[in-house]
Amino acid sequence: MEISIKKDQWINLAIVATALWFIWFASGHFDEYTIRILNNIAIFIILAVSYNLINGVTGQFSLEPNGFVAVGAYVTALLLVTPEAKMYQYAIVDPYPFVLTLHANFVTALLLAGFFSALLAFTLAAPVFRVRGDYLAIVTLGFGFIIKILAINNPEVTNGSLGMNDIPEFSNLYWTGGIAIIAVISVLNIVNSKFGRAMKAVRDDEDAATAMGVNTFKAKTLAFCTSAFFEGVGGGLLAALLTSISPDLFDFFFTFQLLIIIVLGGLGSTTGAIIGTVLVIGGSEWMRFLDEPMNIFGHETTAMPGMRMVVFSLLLILIMLFAREGIMGKRELRDLFKFGKKGGK
Amino acid sequence: MILKIDNVTKNFGGVTAIKETSFSVQPKEIFGLIGPNGAGKTTMFNIITGNYEPTKGQVLFRNESLTGLKPHQIVRKGIARTFQNIRLFSSMSVLDNVLIGFDFQARYSFFESIVRFPRFISEEKRIKNRSMEILDYFGMSKFAHEKATDLSYGQQRKVEIARALATNPELLLLDEPAAGMNPSETEELGQIIKKARNDFDLTVLLIEHDMKFVNQLCDKVLVLDYGKTIFEGTPSDAIQDKEVITAYLGDFHND
Amino acid sequence: MDVTIFMQQMVNGFSLGSMYALIAIGYTMVYGVLRLINFAHGDIMMVGGFLGYFGIAVLGLPFGAAVLLSIAGSAALGMISDKIAYRPLRSAPKISLLITAIGVSFFLENAFNVFFGGIPRAFPVPPYMEEMVELFGLTMPVSAILVPVITAVLLVVILWVLFKTKYGMAIRALAFDVGTVNLMGIDANRIITMVFGIGSALAAVGGIFWAVNYPSVEPMMGVLVGLKAFAAAVVGGIGSVGGAVLGGLIIGFTEVVVVAFFPELGGYKDAFAFIFLILILLFKPTGILGIDFEKSRF
């Protein structure tokens, strides 16, 4: 037992070191297009491993990401855009005076984005988790719409449908990649603790969990708020990457993509979420051609925007019907190496 | 007296599952709750564990009323249970299943678990060692890293009891623990329960159909029929009681 | 504001509420028998609207025939989606079912988007629907009266089926306990398929009404409506058909009347359903007409 713990720690260190090296290497050597994709992948890794916490590990079906990402993005944008830029871009009405005073450095902005999202999550959790029932999905779906409605209808704060621009481009691979590493380690540490065990128990058999003294309400709320925190931070990183955000950026498709990612990777597996992100975000780029006019065996088809999404939704249905476990199932990278030792299944 | 059921009635809509039932369980007793199917035995369990609120009456544990307490709070007061159809956590190992029982006794915070402060490490080590001890007691420690639901039925039953004991209970509720077992497994289980009662300082309340098992194990029994008490006393007296025999009408497993 | 305008808004509220009610019934029935939130249900409403459009504008059918086509097509779609996507997952963990439902929903929206384009298509409303009628001193189009009346008729029909026929009894039994129904020799799957058929048919009618009122159809029209209709079902009491109607009417009325009294809140009208949902979860989770089954899970 003692020896294998040390070996595990060395492997972990090696993985993190490789990741850090890769971030350094990519920043210096890859072209802009590739770096943009890598930034996207890093941010979506943060979103995916946290979305996986509530959906996969705790087994509570939620559709929250687009809402909390939007919240995080707007909070960050409000804190990063300079007062001059705000005065200039708020075109529908003038911004409230307090909006002009909002200012913070990047780290503070990201932390506030995360905490504000977590706070909102907490207020949602109380009515939803108190009752038995599958209302989390509908409530979080509605929440996403509400955030959009709030953003559009409060132009003095958010500049309404025009969205916010001139967000300083603070995000680079060091930020996105670094925070991704932190997020992954945090989530893994949570899962491998009494809190993670409680979440898994809730997923496997909520009544038996209660019978073992687990406070299931607390477990679900913790998972949900933690997800929201990282989704808020991810939203902030996204805002500082895109430099420009608007209410319809964070639509249902945003959440849907994350859903496919964690299902493909394996609901409940953090490693799976990472693999899923690489495949889906990478694959999404590659699949752009589906939206363009295509040449199939000499036939020219017209552009079919949205075909990508049709393919995605079919993919999701097929996975659920035929390969529900996804790539990793509930296992982590660890578990693959354990295969010979304890006698496989 | 460690547990007192005080004039408890439970109605579900129009159906009366338990009618004005009272009984007491003394410390370290092995107390059997028996009766034909549908007599209200599992309902009584669920009232004790807090999953159902009694329509009338109350449950007193160590002279403290359990009314209004949530199930997980009642566990922390010292009452643990197993289920008739063995509900182990299917995605987790045997060790993790037992660890869950200890978790509310582990003293580290959320933040400490993320940054892996020393208190996290020492507490995790402490409860892991305690879990292995309990598994060892039941001879299950060699299966610690197996997926819990991969084990045989008898082995899973032992793990479930180990898991319940991890919560450090004073009162252990066993819902048909011998269900689905052959005579030799049943005999072994009876020995284990008796030994655990002594070694862990437990009081045991169990639901059972197997009269031989009940005879071998229980100090006292309560016979329920249609939610009402029809007999309270020793198992051997119970078998001879006229009302009990009528209620069962041959439902006895007297092999 | 004067009485006529207020009454006018009441009628509008009734109309909108009826449409929500029709769709909410389908949600509540499927949830009742399967404990599944069928996310694709709102999109069935959209399909119903499109089939109506297709029937009139492309096939040149008279309105009545187009409506029948819409109902039949939607019911078929609902039943097929159950057979292909949901039935194979009957014994899978619940979350798998919910994810699949989202997948079906998204698929329908985007498939229609790809093949019909996202731009709303004007719905060819039959002229007699738009004729103005005088009733109780108010002037309104025929459709405004037709919608609540037909909804009421359909509601009576559904309640009659549920409480006076053996199929209805099977449906209600199924909502209570799946196992027992199978033991009594009734094929639970056939009953479930029936429920999908009925719910989808009602959603189609709702879709046609919607198309007549706005008057257009577009692929995303079922999204928000579906969300609100499910909220309506929960508010009224999930599992209860009467509750679904009550919830639908409450939300429909609120949307119309509040905006009429407070036009500055107009941008928030889509939020009311959500607010009602949170309130009911906080204060009476089983819904206004809901019953608290203390089902034995142990």
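The values are calculated or read from the model by the stated rules, or taken from the named source; none is laboratory data. The model shown is predicted, which means the values in this text are computed figures rather than measured ones. Every residue, glycine as well, gets a Cβ built from its backbone with ideal geometry; the counts of neighbours run over all protein chains shown. With ligands, DNA and RNA removed, areas are computed over all heavy atoms of the protein, side chains included. Shrake-Rupley method; radii C 1.70, N 1.55, O 1.52, S 1.80 Å.
Before moving on, here are some points about what is shown:
- Where the range C:3-283 is the region considered: accessible area per residue in Å², 1.4 Å probe: 40 Å²
- Cα shape, the range A:2-340, gyration tensor, a/c 1.5 rule: rounded
- Near the amide H of residue B:12, within less than 5 Å, lie the amide hydrogens of B:17, all on another chain or at least 5 residues away, with H placed in the peptide plane.
- Per-residue [θ]222 nm for the protein assembly as shown (sum of -39500 (n - 2.57) over DSSP H runs n ≥ 4, rounded to 500): -20000 deg cm²/dmol
- Those aspartates and glutamates that a straight Cα-Cα span of less than 20 Å connects to residue A:6, excepting residues fewer than 8 apart in one chain: A:332, A:335, B:123, B:124
- Only lysines eight or more places from residue A:330 in sequence, or on another chain, were considered; those with a Cα closer than 20 Å are A:194, A:200, A:220, A:338, A:341, A:342, A:345, B:147, C:94.
- Among B:105, B:58, B:240, residue whose mean-square fluctuation peaks in a GNM of chain B (springs only between Cα atoms under 10 Å): B:240
- Apportionment of accessible area to carbon and sulfur, the range A:47-124, percent (1.4 Å): 75 percent
- Summed over both chains, the area buried between A and B is near 2700 Å², taken from the accessible surface of protein heavy atoms with a 1.4 Å probe.
- Cα shape, the protein assembly as shown, gyration tensor, a/c 1.5 rule: oblate
- Averaging Cα coordinates gives a centre for the range B:59-87 and one for the range A:87-103; these two points are 57 Å apart.
- Tilt relative to chain B, helix B:94-103 - C-alpha long axis, 0 to 90 degrees, to 10: 90 degrees
- Around residue C:216: net Lys/Arg minus Asp/Glu count, Cβ-Cβ under 15 Å: -1
- Neighbouring partner chain Cβ atoms per residue of C:268-274, average, 10 Å criterion: 4
- Expressed as a whole percent, the accessible surface of the range A:135-198 that belongs to carbon and sulfur atoms is 64, based on a 1.4 Å probe.
- The range C:59-162: GluC sites (Glu not before Pro) in DSSP loop, at most 14 other beta carbons within 10 Å: C:131
- Shielding by partners, peptide A:314-323 (average Cβ within 10 angstrom, other chains): 6
- Per residue accessible area of the range A:2-340, 1.4 Å probe, in Å²: 41 Å²
- Spin-label model distance (nm) - residue A:105 vs residue B:109, 7 Å beyond Cα toward Cβ: 2.4 nm
- 10 Å Cβ shell holding at most 16 others, DSSP loop, trypsin sites (Lys or Arg not before Pro): longest site-free stretch of chain C: C:91-294
- Helix B:183-199 axis, angle to chain B major axis (alpha carbon atoms, nearest 10°): 70 degrees
- Residue mean of other protein chain beta carbons inside 10 Å, C:90-100: 6
- Interface burial for A against C (accessible surface, 1.4 Å probe, total of both chains, Å², rounded to 100): 3800 Å²
- In terms of the mean number of neighbouring beta-carbon atoms within 10 Å, the peptides A:65-74, C:50-59 order highest first as A:65-74, C:50-59.
- Peptides B:162-171, B:144-153 ranked from most to least packed, by the mean per-residue count of other Cβ atoms within 10 Å: B:162-171, B:144-153.
- Candidates A:321, A:241, A:150: whichever shows maximal mean-square fluctuation once chain A is modelled as a Gaussian network with Cα springs under 10 Å: A:321
- Solvent exposure of the range B:149-255, expressed per residue, is 43 Å² of accessible area, with all protein chains present and a 1.4 angstrom probe.
- Contact order normalised by residue count of the range A:2-340, Cα under 8 Å, 6+ apart, percent: 28 percent
- The value of relative contact order for the range C:37-81, using C-alpha pairs under 8 Å at least six residues apart, is 41 percent.
- Tensor-based shape of the range B:49-162 (alpha-carbon gyration tensor, a/c under 1.5 rounded, otherwise prolate or oblate): oblate
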